[in-house]
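Coordinate-derived values only; no laboratory data. These figures come from a predicted structure and were not determined experimentally. When we count neighbours, we look across all protein chains shown, and the Cβ atoms used for this are built from the backbone with ideal geometry, even at glycine.
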Amino acid sequence: MRSVKISRLEAGMVTAETLYNPNNGTVLLPEKTILTDKTIAWLESLQISALNVEGDLAPEELRQPDPATIRVRSSAEFKRFEREHEKTVNLYTASINDFVLKNKMFEPQRLVKALMNLVSGKQYRFNILEMLSNLKSYDDPTYSHAINVALLTHTFGKWLRMSPSELEILTLAGLLHDVGKIMIPEKILKKPSALSHAEYEVMKTHTLKGYYKLKNAEVDPRICEAALSHHERVDGSGYPYGLKGTELSAFASIIGITDVYDAITSPRVYRDPICPFKAIALFEKEGLQKYDPQYILTFLENVASCYLYTDVLLSDGRTGKVIFINRDQISKPTVQLSSTEYIDLCKAPDLYIERML
């Protein structure tokens, strides 16, 4: 048996013992569960840090990327985006560490300008979701996750037709939502094995730590609220206060969604990017009732629409093109298999989109 960080799990590994939810003690995975990409992504969305799996350490071997990954990563515009993204991560790391750890003056406009440089006025062949899911895996994802959530949140805000001034505040809220994690002890934040219940309780305090740090710096109250409540859920199952329904602010609801989406789809050394329809299916599995319906449906429908007319591989080996998004089950669109053959995946419960081509 060995303990493996979630970011290093591979499909096909087998759990060596029952995995319990550190928050409430419920069983997440029984012993002897064979892991899939979807299962691993689901665990990441639940903030599970590590898992005990069977076997000894194996040599590190990278899988051959799929055609969609190769196409994106080999393009000149992606390579340019990747370089600019890394510069932005480095700028954010230095700025936020100065603010949190050295109590220096916080300059949010400089960070927002760097973020806007990644997306504003740029004509990319690939959408921002494809670009983010194909970035390199960072050893410490704390800072890159903040950049990714900010970019996803900016995109989401545009889908919601927010005004430019409101969109800027929302983007900054996405950037700063996890600022409290920098104040969590490194032995917990970077622990290579699973967190104990007590350690998980400490990890959860990052929402309160971030809230008070931002509030004391007189940051916009909407940004402070997003830092405090982005792990709350409208059904009351979140933390730190178990808020329900309209008790959640709009910014907290929005960033709660983009935070989970990035946790699911972020690049990993040992797997290709998660298929967006698998990511959508994980939201559906977790329960859409956990999220504000006016936001979660808009987000998932727009994510799916980004992949209309994209070639895909189905789980039974057939290939086709996504031609229609089914609102009743967004993860299961209608796929055109040939000039005369179509399949509505909603009517094929055992069939799903395996990956993009």
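Normalised by residue number, the volume inside the convex hull of the Cα atoms of the chain is 143 Å³ per residue. Computed over the stretch 233-357, the P(r) tail beyond 17 angstrom holds 58 percent of alpha carbon pairs.
What net charge do the residues around residue 108 carry, taking every other residue with its C-beta under 12 Å from that of residue 108, with Lys and Arg at +1 and Asp and Glu at -1?
-2
Our coupling estimate for the stretch 346-351, obtained by passing each phi through the Karplus curve with A = 6.51, B = -1.76, C = 1.60 and θ = phi - 60°, is 4, 9, 10, x, 8, 10 Hz, Gly and Pro reported as x.
Extending 7 Å from the Cα toward the beta-carbon at both residue 197 and residue 308 defines two label points whose distance is 4.9 nm. Pairs over the 25 Å Cα-Cα cut-off, from the set 79/191; 158/190; 104/209; 136/191; 5/278: 79/191; 158/190. Once both labels are positioned 7 Å from their Cα atoms along Cα-to-Cβ, the gap between residue 235 and residue 328 label points is 2.1 nm. Where the centre of each part is set by its Cα atoms, how far does the stretch 97-149 sit from the stretch 170-204, in angstrom? Cα centroid of the stretch 97-149 versus Cα centroid of the stretch 170-204: 18 Å apart.
In this simple spin-label approximation, residue 36 and residue 54 carry label points 7 Å from Cα along the Cα→Cβ vector, and these lie 1.9 nm apart.
Which longest uninterrupted range of the chain lacks any trypsin sites (Lys or Arg not before Pro) assigned by DSSP to a loop state (not H, G, I, E or B) and surrounded by at most 16 other Cβ atoms within 10 Å?
The reported range is 191-317.
For GluC sites (Glu not before Pro), no site in the stretch 273-313 is both called loop by DSSP and has at most 13 other Cβ atoms within 10 Å. Note on the stretch 2-53: percent of Cα-Cα distances in each 10 Å bin, starting at 0 and stopping at the bin with the largest distance, equals 27, 66, 7. Mean Kyte-Doolittle hydropathy of 1.6 or higher plus an axial Cα length of 24 Å or more: which whole DSSP H helices in the chain meet both? The qualifying helices: there are none. Using only side-chain charges placed at the Cβ, +1 for Lys and Arg and -1 for Asp and Glu, the dipole size of the stretch 2-53 relative to its Cα centre rounds to 80 debye.
Overall shape of the stretch 67-273 was characterised from the C-alpha gyration tensor. The equivalent ellipsoid obtained from it has semi-axes of 26, 20, 18 Å, in decreasing order.
Over all Cα atoms in the stretch 308-356, the spread is summed up by Rg and Dmax: 9.5, 25 Å.
Pick out, in residue order, every one of the chymotrypsin sites (Phe, Trp or Tyr not before Pro) in the stretch 266-340 that is DSSP loop and has at most 14 other C-beta atoms within 10 Å; say none if there are none. Walk me through the numbers before you get to the answer.
Numbers: sites: 270, 277, 283, 291, 295, 299, 307, 309, 324; in loops: 270, 291, 307, 309.
Of the chymotrypsin sites (Phe, Trp or Tyr not before Pro), the ones in loops of the stretch 266-340 whose Cβ has at most 14 other Cβ atoms within 10 Å are 309.
Taking Cα centre as origin and charging only the Cβ of basic (Lys, Arg, +1) and acidic (Asp, Glu, -1) residues, the dipole magnitude of the chain rounds to 720 debye.
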